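Report on the following structure.
The values are calculated or read from the model by the stated rules, or taken from the named source; none is laboratory data. All of these numbers come straight from a predicted model, not from anything done at the bench. Cβ placement follows ideal geometry from the backbone for every residue including glycine, while neighbour counts extend to all protein chains displayed.
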Amino acid sequence: MSGSLVERVRERLATESGPLGPNVVAEAIRAESSGLLGDTDVLSNLRVLQTELTGAGILEPLLCAEGTTDVLVSAPDAVWVDDGRGLRRTDVRFDDETAVRRLAQRLALAAGRRLDEAQPWVDGQLLGLGTGGFTVRLHAVLPPIAPAGTCLSLRVLRPATQGLPALVSSGAIAPAAAAILGDVIAARLAFLVSGGTGAGKTTLLSAALGAVAVDERIVCVEDAPELAPRHPHLVNLVARYANVEGVGEVTVRDLVRQALRMRPDRIVVGEVRGGEVVDLLAALNTGHDGGAGTVHANNPAEVPARLEALAAVGGLDRAALHSQLAAAVRVVLHVGRDRAGARRLEEIAVLGRGDDGLVAATTAWHADRGCGDGMDRLTGLVSARRP
């Protein structure tokens, strides 16, 4: 199918107000080819155009594959996928740079965003992709910002529904760590899950929430719908991006404040990435024990510094942040990847305030070294909460 015919058919279909069913696309192909194509050619071209015009195009099979978390395009012949075992290059190829750009712009439009020379990058969400109707976080950058060509990054946000037993059986959580985590949850100690991008923070948090007592009400605040613990009393609040006119935005910070008015037993923030940390810590210091969230950090020791930076965005200074943190959060669960690239719970640390007034993390358990200096303190915190 020639590029000019593709463009003519695309322009014709752009004027259609109804859904682009196969019969509509086939009729457009016949019309733009002046009736010169036979049924076999029309069918072949229909398949090409359906790939061009629906879903994520030739990336759709990668996104729909079991276990896929990321699909990355850095060149027409450089398509990468992460399915939980680290990045690997695939055999998928685009025809040329124009095809990559065309897909990026179409996905941006589907996300309600603009992507062109005047706005050469986009960050948005695509809802209802694939047969499972999952959500994909979209990021794309056009030349000349990306000199080598259009870069496309797609993060698959499947609902995290696995429970703790499933993670233990898969090897993601050691049995000893699962027992400690169970005690933390039962004692209603507030905790944060830390780790890098794609390390499994949301999966662990969702599994932990599934172990919360059934008579507790959990209110989860997220910027994308990922948390789906198997719990009978769960309320999900999801932030909303501004529309193309720049209005209608509902931030995570807005929703944390609303969650406080919903009679929660536990408040959870899917990912603490900005000023909402101020409201979360305030909530955890006003009788809402057992709250949780995730935060990007290289290890538990860096979590206080990471929260300092985020709190500064929310107008909270260093001393106030450490004072709030010391009173609110007790435990950090750190996830990462082993040498084979598999995700796992690497460390459980307990937070405590030092003589200098600053909060520091002390290892209570480590996947490679077992129990650490913080285990006695963690045991004491758990025991103090038992009836």
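Here are the numbers:
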read-out	value
Among (1) under 21 Å from Thr161 (Cβ atoms); (2) out of contact with any Lys or Arg (no Cβ under 6 Å at 6 or more places or on another chain), the one test that Thr294 misses	(2)
Qualifying residue in region 79-86 (condition: among the aromatic types (Phe, Trp, Tyr), modelled with pLDDT of 85 or more and within 30 Å of Ala160 (Cα to Cα))	yes
Output for region 310-329, where each listed residue is assigned to a loop (DSSP other than H, G, I, E, B) and either in contact (Cβ under 8 Å) with a residue 40 or more places away in the chain or under 24 Å from the mean Cα position of the chain (by Cα) (or both)	Gly314, Gly315, Val329
When residues of region 144-170 are limited to those that are of a type in the set (Gly, Ala, Ser) and out of contact with any Lys or Arg (no Cβ under 7 Å at 6 or more places or on another chain), the one farthest from Leu72 (Cα to Cα)	Ser169
Count of region 88-111 residues which are charged (D, E, K, R) and surrounded by 15 or more Cβ atoms within 10 Å (Cβ to Cβ)	3
Matching entry among Ala319, Ala311 (being surrounded by fewer than 20 Cβ atoms within 10 Å (Cβ to Cβ), assigned by the TED database to the domain that holds Gly198 and in contact with a Gly (Cβ under 9 Å, 6 or more places away or on another chain))	Ala319
Among (1) surrounded by fewer than 20 Cβ atoms within 10 Å (Cβ to Cβ); (2) more than 30 Å from Leu109 (Cβ to Cβ); (3) touching a strand residue (DSSP E or B) at 6+ places or on another chain (Cβ under 7 Å), the one test that Gly163 misses	(3)
Members of region 178-199 that are in contact with a strand residue (DSSP E or B) (Cβ under 8 Å, 6 or more places away or on another chain) and assigned to a helix (DSSP H, G or I)	Ile180, Leu181, Val184
Counted residues, region 130-173 - those being under 23 Å from Asn236 (Cα atoms), in a loop (DSSP other than H, G, I, E, B) and not polar (S, T, N, Q)	6
Index of the failed condition, Leu154 passing every other in (1) in contact (Cβ under 8 Å) with a residue 40 or more places away in the chain; (2) of a type outside the set (Val, Ile, Thr); (3) in the same structural domain as Gly336 (by the TED database)	(3)
Region 292-345, residues that are at pLDDT below 90 and either among the basic types (Lys, Arg) or within 19 Å of Met375 (Cα to Cα) (or both)	Arg337, Arg339, Arg343
Exclusive hit being within 21 Å of Thr286 (Cα to Cα) and in a strand (DSSP E or B), set Val382, Val332	Val332
